[in-house]
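Worksheet for the structure shown next.
A short reminder: the numbers here are calculations on the coordinates, not readings from a lab. Quantities reported herein were computed from a predicted structural model and do not represent experimental measurements. In this analysis, Cβ positions are derived from the backbone assuming ideal geometry, glycine residues included, and neighbour counts consider all displayed protein chains.
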């Protein structure tokens, strides 16, 4: 199973990209949402992937995040929703907004070219319970990160610092907010 494609973007079209990985070009069908995250031709990119095997073809789909790929897989589990229709739904909004729309039963938010009202209703009926559980988990994880040091660690990790490096940068930092801690850590990194 192909789970991740990393390489140089050689073709960038509205419905697909081709990524050169060590001399092999992989064509990945992408949503408009993922395409927003794909850099210009010649730049490096990493896309989460899913391979769909059919009798007559192997189709590779690319996603900018695991959340989007997971939502794609959920959509494929809905009766009458195939990969092209799932990509059309994903093109409508960021994955978190689509998950919230399913949890809230917002049919109009899920409609897209090729996705009518009945299909959108079917998606909501079949996925509402699964999505409600994942939305609740996200809300719980957001409330857990109220500690300023935890928020500062996550922000520094997002900037590419390693765990040991983060601890040494935050060592001796004083401040009541995550912003103060991050500022201190970045000043320490410059020294």
Distance between modelled label sites at residue 36 and residue 10, nm, 7 Å Cα→Cβ extension: 2.9 nm
Shape category assigned to region 43-103 from the gyration tensor of Cα positions, a/c cut at 1.5: oblate
Degrees between helix 95-104 axis and first principal axis of the chain (Cα, 0 to 90, nearest 10): 70 degrees
Reported label for calculated log10 I(q)/I(0) by the Debye sum over Cα atoms at q = 0.09, 0.11, 0.12, 0.16 Å⁻¹ given (1) -0.42, -0.60, -0.68, -1.02; (2) -0.46, -0.65, -0.75, -1.03; (3) -0.31, -0.47, -0.56, -0.98: (2)
In nm, spacing of pseudo-spin labels at residue 167 and residue 76 (7 Å Cα→C-beta vector): 4.0 nm
Mean separation of Cα contacts under 8 Å, 6 or more apart, over the residue count of the chain: relative contact order %: 12 percent
